[in-house]
Amino acid sequence: MASLSDGGVAGISPAFDSCSLTEVAVVALASLPVGHAWRAHGLDDARVTALAARYPQLPPVLVRRDDLLVVDGAHTVAAARRLGMQVAHVRWFDGTWVDAAEAFVTRNSIANSLPLSTEDRRAVIHSTLHAEPTWSDRRIAQVCGVSPKMIARIRSAAPSLRPAHAVGEKRVGRDGRARPVRAGAMRVLIAQMLDEQPDASLRTVASALGVSPETVRSVRRDREVGQESRMVGWHGSSTAFDELALVRIRRESPAPWRGDHAFKSTSAGEEFIGWFEATNIGDEPCRADDVPLSRIYEIADEARRRATFWSEFADSIERRARRR
């Protein structure tokens, strides 16, 4: 049986194939909403006319069970009304509004479907941002079938979608975990609490601020390194010497995962730690002014290449976690 894809298109996304297993139900056409819930400009009259001409061959409409929202197939519903039909054949969709939006986008992003215009995608993005304002740009991008950068641009351009971020505010990522919107501000809060409660355990501080104990450990370690670097600076007058000493101290400080049994249990894990730590530059001062003017663009390109590598590396290991 063909899938809907906003009006009778062969093929269906595997992500939502489970809805095709539900039995076909019959509902009164008058109970279904008029118009289109997702398209920025509503129904396409030419599409409705084309579907009415081959209505008997069209698959059931995908409808959310809770409120009879037409998830996919609004043009089919309009074609039925144009033909004077009294009932519609539907398959039930069980999920949230955002689940329904993702199903619509996915079904209409396959070959032979009615393509989503830029305005259509923006309409879904705005609606999703209003529905889930605490979700990360990446998570919303996955729902809407766009890049995270596009979500960030739309969020920053619309005042109503850009609330003032309180210190410690978090967004929920694709893995369901909440992370600080401004990680630097959260580290400041952790440092302040460590100042106020120097004897507090890592778990106590982590629980109070909603972060992991390892994050607290990292902040505490950085503070200790900073104090040691200042002591080194008292014995030398060279700023360059102080910076090199700071780098040395940071690299010699044991990483929190060096004693982690998960890494120590395999030779590959221990080799990974050696490789991972070899690339750690800590939080040393920026050296942008040290780059010769004649080599700025070469160094900038290389810096971006390295940043891209680490971003793709982070995405890769997160995908492993989601597959489990």
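The figures follow:
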| item | result |
| --- | --- |
| Helices (runs of 4 or more DSSP H) lying entirely in the stretch 36-124 (those with 3 or more residues that are hydrophobic (A, V, I, L, M, F, W, C) and more than 21 Å from the chain's Cα centre (by Cα)) | 45-53, 74-82 |
| Residue within the stretch 157-176 that is assigned to a helix (DSSP H, G or I), charged (D, E, K, R) and either at pLDDT below 85 or surrounded by 15 or more Cβ atoms within 10 Å (Cβ to Cβ) (or both) present | no |
| R220 vs. criteria at pLDDT 80 or above, more than 28 Å from R323 (Cα to Cα) and over 20 Å from the mean Cα position of the chain (by Cα) | yes |
| R122 being in the same structural domain as V143 (by TED's automatic domain parsing) and surrounded by fewer than 17 Cβ atoms within 10 Å (Cβ to Cβ) | yes |
| Identity of the residue in the stretch 133-156, modelled with pLDDT of 85 or more and part of a loop (DSSP other than H, G, I, E, B), that ends up farthest from A103 (Cα to Cα) | S147 |
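The values are calculated or read from the model by the stated rules, or taken from the named source; none is laboratory data. This is a predicted model, so every value here is computed, not measured. As a convention, Cβ positions derive from the backbone with ideal geometry for all residues, glycine included, and neighbour counts pool all protein chains shown.
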